[in-house]
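Written out below as structure tokens is the structure these notes cover.
The values are calculated or read from the model by the stated rules, or taken from the named source; none is laboratory data. All values reported here derive from a predicted model rather than from experimental measurement. Reconstructed Cβ throughout: ideal geometry from the backbone, glycine too, with neighbour counts over all protein chains shown. Keep in mind that these areas ignore ligands, DNA and RNA; they rest on the heavy atoms of the full protein, side chains included. Shrake-Rupley method; radii C 1.70, N 1.55, O 1.52, S 1.80 Å.
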Amino acid sequence: MEKEIYLDNAATTKALPEVTVALVDALENNYANPSSLHRFGLKSEKILKHSRKTIADYLGVRSEEIIFTSGGTESNNLAIRGITEAYKNRGRHLITSPIEHSSVAELFKALEKEGWQVDRVRVDQEGHVDLEDLKSLISEETILVSIMQVNNELGTIQPLAEIAEIIKEKNPLSFFHVDGVQAFGKIYSNLDEWSVDLYSISGHKIHGPKGIGALYIKKGIDLKPLIYGGGQERNLRPGTENIPAIAGFREAVKKMPQLTSEDNTDQKMSDLRHYLFKSLTKIEAVKINSPKSGAPHIINFSLPGIKGETMLHALESKGIYISTGSACSSKKKGSRIINACGLSAARSESALRVSLNRNITKVDLDYFVETLKEQIDFLKLF
């Protein structure tokens with residue numbers, strides 16, 4: 001292979017050198033249990049405290065509102081299951097969207113089997129939530145609305161401020177959970193101003209370690225834990241904290257761009273995405289599924305007539321690594337997300353996702369586009 005270009009960063013990212021150093025240092029030198037009262041334990045507790053503050057500061061929330069988990073999936077499950085168990089006396093109605101990550105979608109299916117009423121708000125062909133439909137679904141029985149900020153396959157950005165306003169106007173007692181895994185560090189978020197009650201993030205999507213994530217829980221919200229044990233993480237996530245991964249997570253957050261309401265996306269990746277988006281529109285066979293103004297790191301497109309997996313392996317043979325959609329459902333036929341948006345089976349079965357990082361160059365993207373053209377011409381011969 002002449003090159004190796006990794007364009008599957010929405011699935012996972014390569015850890016930064018600073019992350020690896022922090023992780024190894026914690027394994028070798030700060031290995032004590034942070035609950036221990038001796039000096040070594042206090043060193044680990046200090047890492048835990050500083051890491052919690054770093055993440056809270058980035059999100060503009062209080063340190064005590066952040067708890068550590070094993071990743072986005074656990075954060076989503078703790079938020080949703082925790083609310084339904086703690087507040088089921090208020091009502092038995094839940095709202096989500098049909099294009100959520102599997103860790104949310106599968107949990108809502110399970111809750112339906114347990115007797116909960118679950119409504120899924122309509123989305124358009126690019127995955128944008130229908131706000132009028134959302135408004136019509138919220139009732140006095142609604143205790144939770146869970147909608148992701150950035151779709152993991154399409155890169156669609158949902159208008160959280162408008163969604164939160166609708167929820168709180170229709171039912172002030174309803175909670176708003178957001179899966180922020182694909183948004184964290186990529187687009188600006190203001191959890192407090194937008195009335196977000198719970199927000200899930202993950203370390204390995206931002207060049208941190210795998211197996212570590214966090215959940216923001218607004219002060220005053222009581223959750224029922226998923227598991228029981230010691231009193232760690234506000235009695236919500238018992239078990240000895242993963243200090244090496246937490247230390248690495250902190251370093252990854254420290255390296256993320258500082259975004260504002262004016263400069264609200266990672267500009268470097270936004271420029272790269274715009275460049276790639278424009279290049280792909282020039283290829284006749286390509287049908288772009290992502291919105292033009294989507295998240296700065298994701299573009300989803302289809303090649304009707306060519307199976308997504310076939311093209312994935314063709315590109316892999318040339319040193320280019322992309323995906324057919326979410327890594328959590330990559331072995332399933334077609335894309336559940338594309339199907340839910342009402343696009344054709346041909347678009348669903350040929351869908352491909354390119355996801356960027358800040359180290360990708362325009363030269364890399366030119367190589368990808370030229371190789372894609374070559375492989376389209378080659379595969380159309382069969």
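So the values come out like this:
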| quantity | calculated |
| --- | --- |
| Net lengthening on full extension, residue 165/residue 235 (0.36 nm per residue, minus Cα-Cα) | 22.1 nm |
| Sulfur and carbon atoms: percent of accessible area, the stretch 266-381 [1.4 Å] | 51 |
| Share, in percent, of DSSP beta bridges within the chain that are antiparallel, nearest 5 | 55 |
| Farthest positive-ward along the chain dipole, Cα basis, beta-carbon charges - from 259, 24, 80 | 24 |
| Over 31 Å (Cα to Cα) - which of 46/205; 14/113; 254/373; 168/210 fall in this group | 14/113; 254/373; 168/210 |
| Dipole magnitude of the stretch 1-153 about its Cα centre (Cβ charges: Lys, Arg +1; Asp, Glu -1), debye to nearest 20 | 800 |
| Whole-Å semi-axes of the ellipsoid equivalent to the chain (Cα gyration tensor, √5λ, descending) | 34, 28, 17 |
| Surface accessible to a 1.4 Å probe, per residue, for the residues of the chain, Å² | 44 |
| Charge dipole of the chain about the Cα centre (unit charges at C-beta), most positive-ward option of 243, 13, 281 | 243 |
| Where the Cα pairs of the stretch 256-300 fall when distances are cut into 10 Å bins, in % | 26, 49, 20, 5 |
| For the stretch 52-164, convex hull volume per residue from C-alpha positions, Å³ | 122 |
| Computed lengthening from residue 316 to residue 282, 0.36 nm per intervening residue step minus Cα-Cα distance | 10.0 nm |
| Given charges at beta-carbon only (K, R positive; D, E negative), |dipole| of the stretch 266-381 in Debye | 380 |
| Computed E for residue 31/residue 254 - FRET, C-beta separation, R0 30 angstrom, nearest 0.05 | 0.85 |
| Nearest-10 value in Å² for the accessible area of residue 356, using the 1.4 Å probe | 10 |
| The stretch 17-255, relative contact order [Cα under 8 Å, separation at least 6], % | 28 |
| Size of the stretch 1-72 as Cα extents on the principal axes (Å, biggest first) | 54, 31, 18 |
| Rounded to whole Hz, the Karplus (6.51, -1.76, 1.60) HN-Hα couplings of the stretch 337-344, x for glycine and proline | 5, 4, 4, 5, 7, x, 7, 5 |
| Check: the chain dipole with +1 on Lys, Arg Cβ and -1 on Asp, Glu Cβ, in debye | 560 |
| Calculated [θ] (222 nm, deg cm²/dmol) that DSSP helices of n ≥ 4 give over the chain, each run adding -39,500 (n - 2.57) | -11500 deg cm²/dmol |
| Förster-model FRET efficiency, 51 Å R0, residue 57 and residue 139, C-beta, rounded to 0.05 | 0.85 |
| P(r), alpha carbons of the stretch 213-330 - 5 Å bins starting at zero, rounded % | 2, 8, 11, 14, 14, 12, 12, 11, 9, 6, 2, 0 |
| Stretchable slack from residue 380 to residue 190, in nm (0.36 nm times residue separation minus alpha-carbon distance) | 63.7 nm |
